[in-house]
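So the structure is just underneath, and the comments pick up after that.
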């Protein structure tokens, strides 16, 4: 078994595009759940709208990168408004059921052949990143970063996606420390108390839902821009559950948490994949096939999520007092 | 009130040990199932044109039909099935029959090669679709021009769909009453509930289709196994968590993790293919409705089970205690009801009912590792639609969802019928958030 290669693969995930994409989606969830107490189980839907919004605007409307980014974000914001209007006045679990149902309905809608003219059907949309890669300042070539070697496109998408992560993180730090952010935390702890102070709780919750959803749509956009392919099958509810795992791993009511959580999560996935495959290849695990290794990884993700919530619900960085999962 | 952590650890270990034992038992018996695919292999082998390099003889899915003009077979006509890059063809034999094996569950475009038709013949519908997403075999019938094409009136179609919706709704109802009972007594929104449907369906496949047990015995054992799974889950996982006074949202996320674990255990044990239980049954027609005796038996069993639950909840002491715990657990406890015992009974009952839904679902439709997860959101939709935590509400909600799913496919593409149910859920929540039969004070 080549431990050097396993190490390099694992370390490569530290700056991976998917790591950044999940970090963005989890930052959006941190806004929803960590700072406002909203149970959003449809983050896959927000990310999907970002991804399809970008791809649709770039391919079918012929918009440039800025317009496409904007279109994806607007789609997610509208989705948040539609979901929030009926549910934000109800108990928390209504939002959970409505968001997961709406995200799943979107997934069915994107995958059907009926609207393939807009969505590409089950084949999805591809080759929509021309304008995005047109902005690439890195000359063509291979770049050796010590542990991994990347092409100029791979460097560019990493720079943009991690730049977005940094931008969103700073934005959230500023927002959550503002009076607005403190009101949100107040809503999370005791909605009635905040209401009795004369605040319009519904409007605050709605702002949080829209903002977190738009951040999630950015995650969806960088996710599909890396390979320039966007398929409906990416946006199943497992995407949402993995985002939750990432968020809870780092700590829900923190800003560093989702980022570190995402890095640790993907390094864990890559390490178990490479390590178990290595073991299978040298014949140490005769009862497993390579395909089953991928399945075992997801089994471990589920186990991880359970144990995390049971034994360390505050994650790596969270403060246990701040997050009692009220409900 | 804190339980030492190792107790919970032991509980978890117990769950996984049980799964592991079940696993080893299953892997021994599994290979027997490899035989017995219902599609005849004797026909002329289809030619794969492009798109998949794996061995066609291992493919699970097929599309077929017979070409007949006024009752006489038409031979030597080429039929082509395509899906994305994949395409394969077959030529009709002396009996007019043709069969194309395809690699995956998808919707295929099936077309007839007009150049190979006998001269003077034309086809009324040269482009057809074959939907293999729910079944492993899809029949495609080409009609020759001049032949009278039987059309079904909209009213008849609607009646047929309503009947299917009633059947599907009853299946959903027995599973969603389980969710509703558990939610009512413990407050848990159990995302691992679908896995109990899957267990029922997979056990049915294993015992009936693979090991050849008679239907009734296999169904009973499958229901008992699922009930036992409910008991083990409660004893090893949920009860310790309740003792730790874990928050409900936190428990909900634990149930998501548990559902992922169980699903991938199923995948490792049973593989990802769709199992054909081949319940079959004899076709029965009354009016515009065409169904099978198997489906009718299934519906009868569902109705009896639902009636049993209603009697249990309203007439028996334990049932009344269950409703008391649902209303107010602390008050129920103060009147001398053993709340933990009631919850245990609820878990076993709910799991067994859900297993029954899985058995019927497997027999009438299909079974694979995602069977329950696929309908989980429909179950939640049923429970929410009827009103969270009321058993009767869950039944009414399930019947509505079942009908919406089936009837909607008259108007929108088949793949979107589940989406229609979810959209209906959202719309009804806007209009009447407490659900059709829910109480307003639960909205909080």
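The values are calculated or read from the model by the stated rules, or taken from the named source; none is laboratory data. Worth saying up front: this structure is predicted, and the values here are computed from it rather than measured. Note that we place each Cβ from the backbone using ideal geometry, even for glycine, and neighbour counts take in every protein chain shown.
Restricting attention to region B:384-395, the residues being at pLDDT below 90 and assigned to a helix (DSSP H, G or I) number 7. Listed conditions (1) closer than 24 Å to residue B:394 by Cα; (2) in a helix (DSSP H, G or I) are all met by residue B:189, apart from (2). Filtering region A:186-214 to residues that are over 26 Å from residue A:103 (Cα atoms) and assigned to a helix (DSSP H, G or I) leaves A:186, A:189, A:191, A:192, A:193, A:194, A:195, A:196. What about residue A:76, is it within 14 Å of chain B (Cβ to nearest Cβ), crowded, with 23+ Cβ neighbours inside 10 Å, part of a helix (DSSP H, G or I) and under 19 Å from the mean Cα position of the chain (by Cα)? The answer is no for residue A:76. Count of region A:294-316 residues, restricted to those that are surrounded by fewer than 17 Cβ atoms within 10 Å (Cβ to Cβ) and touching a residue at least 60 places away in the same chain (Cβ under 8 Å), is 1. Applying the criterion of being modelled with pLDDT under 90 and either assigned to a helix (DSSP H, G or I) or touching a strand residue (DSSP E or B) at 6+ places or on another chain (Cβ under 8 Å) (or both) to the residues of region B:209-227, the residue that is nearest to residue B:179 (Cα to Cα) is B:215.
One line per residue, one yes/no per condition, for (1) modelled with pLDDT under 85; (2) surrounded by fewer than 22 Cβ atoms within 10 Å (Cβ to Cβ); (3) more than 24 Å from the chain's Cα centre (by Cα); (4) within 14 Å of chain B (Cβ to nearest Cβ):
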site	(1), (2), (3), (4)
A:91	yes, yes, yes, yes
A:110	no, no, no, yes
A:113	yes, yes, yes, yes
A:137	no, yes, yes, no
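Considering (1) in contact with a helix residue (DSSP H, G or I) (Cβ under 9 Å, 6 or more places away or on another chain); (2) touching a residue at least 24 places away in the same chain (Cβ under 8 Å), the lone condition that residue B:332 does not fulfil carries the number (2).
Any residue in region B:40-60 that is away from chain A (no Cβ under 14 Å), at pLDDT 75 or above and out of contact with any helix residue (DSSP H, G or I) (no Cβ under 8 Å at 6 or more places or on another chain)? Among the residues of region B:40-60, not one is away from chain A (no Cβ under 14 Å), at pLDDT 75 or above and out of contact with any helix residue (DSSP H, G or I) (no Cβ under 8 Å at 6 or more places or on another chain), which makes the answer no. Is it the case that residue A:220 is in contact with a strand residue (DSSP E or B) (Cβ under 9 Å, 6 or more places away or on another chain), touching a residue at least 40 places away in the same chain (Cβ under 8 Å) and away from chain B (no Cβ under 13 Å)? Yes; evaluated as a whole, the condition is true for this residue. May I ask you to verify whether residue B:263 is on the phi < 0 side of the Ramachandran plot and either out of contact with any helix residue (DSSP H, G or I) (no Cβ under 9 Å at 6 or more places or on another chain) or within 12 Å of another protein chain (Cβ to nearest Cβ) (or both)? In short, yes.
Scanning region A:223-250 for residues that are assigned to a loop (DSSP other than H, G, I, E, B) and more than 14 Å from chain B (Cβ to nearest Cβ) returns A:226, A:227, A:228. Within region A:255-292, restricting attention to residues that are more than 14 Å from every other protein chain (Cβ to nearest Cβ), assigned to a loop (DSSP other than H, G, I, E, B) and at pLDDT below 90, which residue is nearest to residue B:253 (Cα to Cα)? Restricting to residues being more than 14 Å from every other protein chain (Cβ to nearest Cβ), assigned to a loop (DSSP other than H, G, I, E, B) and at pLDDT below 90, the top hit is A:284.
Those helices (runs of 4 or more DSSP H) of region B:274-383 in which at least 3 residues are surrounded by 16 or more Cβ atoms within 10 Å (Cβ to Cβ), considering only elements entirely within it, cover B:293-315, B:317-327, B:339-364. Within region B:399-422, the set of residues being more than 17 Å from residue B:376 (Cβ to Cβ) and free of Cβ contacts under 8 Å to residues at least 12 places away in the same chain comprises B:411, B:412, B:413, B:416. For residue A:141, the conditions (1) within 14 Å of another protein chain (Cβ to nearest Cβ); (2) touching a strand residue (DSSP E or B) at 6+ places or on another chain (Cβ under 8 Å); (3) loosely packed, with under 14 Cβ neighbours inside 10 Å are fulfilled apart from (1). More than 8 Å from chain B (Cβ to nearest Cβ) and closer than 19 Å to residue B:433 by Cα: is that true of residue A:82 in this structure? Against the criterion (more than 8 Å from chain B (Cβ to nearest Cβ) and closer than 19 Å to residue B:433 by Cα), residue A:82 qualifies.
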